[in-house]
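The values are calculated or read from the model by the stated rules, or taken from the named source; none is laboratory data. These numbers come from a predicted model, not from an experiment. FYI the Cβ positions are ideal-geometry reconstructions off the backbone, even for glycines, and counts take in every protein chain you see. Remember, those area values only see protein heavy atoms, side chains included, never the ligands or the DNA or RNA. Shrake-Rupley method; radii C 1.70, N 1.55, O 1.52, S 1.80 Å.
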Amino acid sequence: MLQNVHTGRVQVIAIVGSVLFLGFIVELIRKRKIKEEYGLLWVVFAVLFLAISIWRPGLEVVSRLLGIAYAPAAFLLLLIVAVFLILIQFSVAISSLAEKNKKLVQEIGIMRMQLAERSGAGRDGAPDA
Amino acid sequence: MRVLFIVPAYNEAASIAQVVASLHEQHAVADVLVVDDGSTDGTGAVAEKTGQARVIRLPVNLGIGGAVQTGFKLACREGYDAAVQFDGDGQHLASEIDSLLAPLASDQADVVIGSRFGREGRGFRSTRARQLGIKFFAMVNSLLIGQRISDNTSGFRAYNAPALRFLTDYYPVDYPEPEAVILLGKNGFRLREVPVRMRARQGGVSSIRGVRSVYYMMKVFLGILMGTLRPKVRRG
């Protein structure tokens, strides 16, 4: 009896937590604090967490399928996979930003020089190239 | 042959004027370009004051590869036939540029690397750890592209126009030299090494020291491995 009260309580907490989390992510995307492409993974995993907290036997089913003896370990695995995927997405995004950033810095450098040479050319003859 | 001398410089105010002057006097026919890689010691201003160099001042520090690549881009856009990378710290000797350019002029190579380890074994000796690192890259790179390049870390290099066009799109940002050898070798560019004399640096400190040298070795090694795994770039 006491067991049932406890498992019922933890399920309610899990569902409320998952809904709040999903709502938080959706709100961030809605307010354009997170771009859709970076929000997608978060939403997918938030929905997954919600599904697991509603459909409790689901975790057991998945654990048996994967040959995991201890069902909560399957949940930890899911968490780690989620964090890894999102972090990898970050690494890709940062690398792409770094490349674009480099190109912009190079262009600005070249343009600044050309601008200086052009305005300099008006005053004291041609630049040395 | 229109040649651009590309001098990457990060906080080399102490030596840059001398470097520019030596390039200017040795090769009055070529243009000197100093790429100030976001220096905080006024390197760019010192270089401009000489009146003998064009100066690109990068608004932030990109790393040597990013700075040199800026020079490659300018060289391509302005139609130079060749470019020579020449370090701003005074290690390289302007008098050696002719021997670097000769294989390009006679179209025997696309890329010429000035090597500290010539037949005559001349020039200064660096630290033992550094020599070990240089040997290691020589071994790895020689294995991977089937051509022996003894001084993969040398930043004293000459490139012809096709090589420049290629490097405009593909050039590592930090510690680019050993990776660039693989990149160029794999993509069918003819590499040539010529022995040159080099001096100990005239001012400033090397960027590769302490913990950073460990990062350097690992980053460059990863870059080299990845370079060999990537498919050949198709060139037009």
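Some observations on this one:
- Applying the criterion of being open to solvent by 30 Å² or more (accessible area, probe 1.4 Å), touching a residue at least 24 places away in the same chain (Cβ under 8 Å) and more than 14 Å from the chain's Cα centre (by Cα) to the residues of the range B:62-81, the residue that is nearest to the other protein chains (Cβ to nearest Cβ) is B:Glu78.
- Hits in the range B:141-171 - residues which are open to solvent by 20 Å² or more (accessible area, probe 1.4 Å) and assigned to a helix (DSSP H, G or I): B:Ser142, B:Leu143, B:Leu144, B:Ile145, B:Ala161, B:Pro162, B:Arg165, B:Thr168, B:Asp169
- In the set A:Gln106, A:Gln89, only one residue is assigned to a helix (DSSP H, G or I) and closer than 30 Å to B:Val3 by Cα; that residue is A:Gln106.
- Filter pass, A:Leu115 being over 29 Å from B:Gly65 (Cβ atoms), out of contact with any Phe, Trp or Tyr (no Cβ under 8 Å at 6 or more places or on another chain) and of a type outside the set (S, T, N, Q): no
- Selection over the range B:31-52 of residues that are open to solvent by less than 30 Å² (accessible area, probe 1.4 Å) and facing another protein chain (nearest Cβ under 8 Å) gives a count of 2.
- Candidates in the range B:24-80 are the residues that are assigned to a loop (DSSP other than H, G, I, E, B) and acidic (Asp, Glu); of these, the one that is farthest from B:Leu164 (Cα to Cα) is B:Asp41.
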